[in-house]
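Quick note: the coordinates plus some simple rules give every number you see, no bench work behind them. In this text, all values refer to a predicted model and were calculated from it rather than measured experimentally. Glycine also receives a Cβ, built like all others from the backbone with ideal geometry; neighbour counts cover every protein chain displayed.
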Amino acid sequence: MALRQILTEPNSILRQKSLPVDLVDENIQSLMDDMLETMYGAPGIGLAAIQIGIPKRVIVLDIDQKEGKKNPIFLVNPEIIQKSKNLSTYEEGCLSVPGQFAEIDRPDKCNIKYLDYYGVKKEINAEGMLATCIQHEMDHLEGILFIDYLSKLKKTMIVKKLSKQKKALERIVV
Ligand code: GNR
Ligand code: NI
């Protein structure tokens, strides 16, 4: 297992569309192991492969990490079967948009099908935080970030701030 670097906005790689996995083999499992370690280390409750620069349709999640109990979920090639008309609002953050948070409306329930860590076909009926998180991660597979749902002004302010922070960091590193 290895910690990988998480890409942050603005970065055109985050805008790439991820490609389906054709076989869940040891390489994909090792990618999932690295993603999980990177997600826990961040710390975060979800991570899509594109956030570490790999354009594959792979997601790891763990939305209830308490008292050291781990409950990881691995989603390969997830597809939405159904989503509710009803929306719910959560304050979202993103490891690729560090330090920024905003309330986002999304369908409050969704049913998805996917392949698990072993390549076995599964389905989840998700609601609440899990439904929000799955949709946030599936957006990453399409190159979409939560800030894309904000007004142009709010989004521009956030991107400018992140871009300044990046430049300041580059000056320290170099
Ligand atoms: O750690 C994360 N927290 C979070 C909170 C509300 C809605 C979505 C998320 S996902 C985020 C990790 C991340 O950036 N995943 O892509
Ligand atoms: Ni994110």
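Points to keep in mind about this one:
- The residue that is nearest to ligand 1 (Cβ to nearest atom), among those in segment 134-158 that are assigned to a helix (DSSP H, G or I) and among the charged types (D, E, K, R), is E137.
- A single member of K109, K85 is more than 16 Å from ligand 2 (Cβ to nearest atom) and either closer than 25 Å to G41 by Cβ or out of contact with any helix residue (DSSP H, G or I) (no Cβ under 7 Å at 6 or more places or on another chain) (or both), and it is K85.
- Looking at M32, M39, just one residue is over 17 Å from S96 (Cβ atoms) and not in a loop (DSSP other than H, G, I, E, B), and that residue is M32.
- Filter pass, I52 being more than 12 Å from ligand 1 (Cβ to nearest atom) and either within 11 Å of the chain's Cα centre (by Cα) or of a type in the set (A, V, I, L, M) (or both): no
- Within segment 110-134, being surrounded by 21 or more Cβ atoms within 10 Å (Cβ to Cβ) and within 13 Å of the chain's Cα centre (by Cα) holds for A131, T132, C133, I134.
- Residue ID - nearest to ligand 1 (Cβ to nearest atom), chosen from residues in segment 99-109 that are surrounded by 14 or more Cβ atoms within 10 Å (Cβ to Cβ) and within 20 Å of L162 (Cα to Cα): I104
- Among the residues listed as Y114, Y90, the single one being within 9 Å of ligand 1 (Cβ to nearest atom) and in a strand (DSSP E or B): Y90
- Residues satisfying the criterion are present in segment 122-130 (criterion: in a helix (DSSP H, G or I), more than 8 Å from ligand 1 (Cβ to nearest atom) and under 21 Å from I50 (Cβ atoms)).
- Condition met for I54 (closer than 16 Å to L130 by Cα and in contact with a helix residue (DSSP H, G or I) (Cβ under 7 Å, 6 or more places away or on another chain)): no
- Count of segment 119-174 residues which are more than 12 Å from ligand 2 (Cβ to nearest atom) and over 17 Å from V58 (Cα atoms): 31
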